[in-house]
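Report on the following structure.
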Amino acid sequence: MNSIQTLADNQQQPERASDSMDGINIAYTRTRVHTPNEAVLKENRIISVAQPGKWLESYRMLRTRCLQTMDAMEWKTLAITSTSENTGNSLTAANLAISVAMELDRTALLVDANFHNPAINKLFGFQAETGLSDYLQRDAEISSMLINPGIDRLVILPAGKPMFNSTEMLRSPKMLRLVEELRSRYPSRIIIFDMPPILSQDDALGFSPYVDCVLLVIDEGQTKTDELKHAALLLKDIQVLGTVFNKATDNKIRYSA
């Protein structure tokens, strides 16, 4: 049984954000709120239920270093990709978004833009019948598809239905307008796009000029040198925020600027 329920007022107003002494409070008036299953989150290594330790601190460090650079450059949008499948970029995107949302003066929007293998809803343990593809193909309202996963200051836009022409749709004027809208609506918001691997799909490379910067995730034990060089060549004209070494031998993730 899906544990998503809709919270909406009679006027169906958009999301509101208000400042408070403790940071930013978000009133979700149209966003669906998911009641998380802690067992699922623990199994999927989501840090919102993680005990203090190396795993949690690694993502906090990643967040801090990313935000320092993004703030200095006035960047708001970040795409996360990898060299190949099973590298962990979706988990990195999810946990980085949670880490940003932990900041009391920030909000985070996590967008699943991997139409070939969407994973964000699975990581958080919810079902989503509609998402970004429904907006791009059928003009569905974004506000009707946003989900709060039970974590303060974090909202997720699922991928939606598969698209065979995903590369073209991600490069469309409609997608560009959406990115600009998401970037400008809330000054405190960081938008993170989870993308497919850059070496196996055109989507990440085609979409990368639409965001401020890109974070590349590699598997320290599996990613080959030639793959990393190829990815670096493809991203040579893109603002690369850094590289995340996932599955590191010291049981931590490492970040390289």
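The values are calculated or read from the model by the stated rules, or taken from the named source; none is laboratory data. As the structure is a computational prediction, the values presented were derived from the model and not from experiment. All Cβ positions, even for glycine, are placed from backbone atoms using ideal geometry, and neighbour counts span all protein chains on display.
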Tally up the residues in segment 67-83 that are crowded, with 23+ Cβ neighbours inside 10 Å and in a helix (DSSP H, G or I), please.
0
Would you please name the residue that is surrounded by the fewest Cβ atoms within 10 Å (Cβ to Cβ), looking only at residues in segment 198-207 that are under 17 Å from the mean Cα position of the chain (by Cα) and more than 17 Å from Leu96 (Cβ to Cβ)?
Leu205
Can you find even one residue in segment 162-169 that is surrounded by 18 or more Cβ atoms within 10 Å (Cβ to Cβ), of a type outside the set (S, T, N, Q) and either closer than 26 Å to Cys66 by Cβ or out of contact with any Ser or Thr (no Cβ under 8 Å at 6 or more places or on another chain) (or both)?
no
Would you tally the residues in segment 50-68 being within 15 Å of Thr243 (Cα to Cα) and of a type in the set (Phe, Trp, Tyr)?
1
Return a yes/no flag: does segment 126-139 have any residue that is basic (Lys, Arg) and either assigned to a loop (DSSP other than H, G, I, E, B) or touching a helix residue (DSSP H, G or I) at 6+ places or on another chain (Cβ under 8 Å) (or both).
no
Identify, from the list Asn148, Asn114, the residue that is in contact with an Asp or Glu (Cβ under 6 Å, 6 or more places away or on another chain) and in contact (Cβ under 8 Å) with a residue 24 or more places away in the chain.
Asn114
Which pairs do you get when a residue that is at negative phi and touching a residue at least 40 places away in the same chain (Cβ under 8 Å), found in segment 162-177, comes within reach of a residue that is among the hydrophobic types (A, V, I, L, M, F, W, C) and surrounded by 14 or more Cβ atoms within 10 Å (Cβ to Cβ), reach meaning Cβ atoms under 6 angstrom, with the pair 6+ apart or on two chains?
Pro162/Phe115; Met163/Phe115; Met163/Met169; Ser166/Phe115; Leu170/Phe207
Leu91 meets each of (1) hydrophobic (A, V, I, L, M, F, W, C); (2) surrounded by fewer than 23 Cβ atoms within 10 Å (Cβ to Cβ); (3) in contact with a Ser or Thr (Cβ under 9 Å, 6 or more places away or on another chain) with one exception, condition (3)
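Yes or no, residue by residue, for (1) at pLDDT below 95; (2) among the charged types (D, E, K, R):
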{"residue": "Arg32", "(1), (2)": "yes, yes"}
{"residue": "Ala97", "(1), (2)": "no, no"}
{"residue": "Asp105", "(1), (2)": "yes, yes"}
{"residue": "Phe115", "(1), (2)": "yes, no"}
{"residue": "Asp134", "(1), (2)": "yes, yes"}
